[in-house]
1. Filter region 78-124 for residues that are among the hydrophobic types (A, V, I, L, M, F, W, C) and under 12 Å from ARG60 (Cα atoms) and give the result.
2. Could you tell me which of the residues ALA78, ALA108 is touching a Lys or Arg at 6+ places or on another chain (Cβ under 8 Å), hydrophobic (A, V, I, L, M, F, W, C) and assigned to a helix (DSSP H, G or I)?
3. So which residues in region 52-70 are of a type outside the set (Asp, Glu) and loosely packed, with under 15 Cβ neighbours inside 10 Å?
4. For a quick check of your reading of the model, give me the residue pairs whose first member lies in region 55-83 and is without any contact (Cβ under 8 Å) to a residue 40 or more places away in the chain, whose second is assigned to a helix (DSSP H, G or I), with beta-carbon atoms closer than 7 Å and at least 6 apart or on different chains.
5. List every residue pair whose Cβ atoms lie under 6 Å apart, where the two residues are 6 or more positions apart in sequence or sit on different chains, the first residue falls within region 106-123 and is not assigned by TED's automatic domain parsing to the domain that holds ASP75, and the second residue, located anywhere, is of a type in the set (Gly, Ala, Ser) and part of a loop (DSSP other than H, G, I, E, B).
Amino acid sequence: MKKIATIIFAFVALPCLAVAQAQGKISVKAHPAVEELVQKHIAYNIQNPKIEGYRIRIYRDNSGNARQRSQDVSDNFAGLFVDIPVYRSYDNPYFKVSVGDFRSKDDALRLYVRIKRLYPKAYIVQEAINLPAL
């Protein structure tokens, strides 16, 4: 993703030519490849609507009953904190339960302080998170 942004910047910043017109209007003429890259960037973001952020991992285990235990932990958290999203995942060999979608570590830390008594093994992880609602 960063590579695409760098390429777009290079194509936009270097070959664009701003032409001043009468009455303070500016028109920008860019190479056609710039428009193609912008459209690819937009399509990528539509297919991958996630950004880098933080979540709190409240469960991670690979024992024989980890699948059921992760479901129980997920259901318990969802019942206690109805406004915070819960995510279960399986990353061989671990079942994981993460909560929240935080843009900054400070935001994640606020929830962590609230839940650390209930989930003493919880910790903050950097993950791709869902885009916030506008």
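1. Residues of region 78-124 that are among the hydrophobic types (A, V, I, L, M, F, W, C), as a first pass: 78, 80-82, 84, 86, 95, 97, 99, 102, 108-109, 111, 113, 115, 118, 122, 124.
Result: PHE95, VAL97, ALA122.
2. On the way: ALA78 fails: touching a Lys or Arg at 6+ places or on another chain (Cβ under 8 Å).
Just a single option satisfies the conditions, and that option is ALA108.
3. Within region 52-70, the subset of a type outside the set (Asp, Glu) is 53-60, 62-70.
Within region 52-70, ASN62, SER63, GLY64, ASN65, ARG67, GLN68 qualify.
4. Pairs found: ASP61/ARG69.
5. The qualifying pairs do not exist here.
The values are calculated or read from the model by the stated rules, or taken from the named source; none is laboratory data. It should be emphasised that the depicted structure is a prediction, and the values quoted were computed from it without experimental measurement. Every residue, glycine as well, gets a Cβ built from its backbone with ideal geometry; the counts of neighbours run over all protein chains shown.
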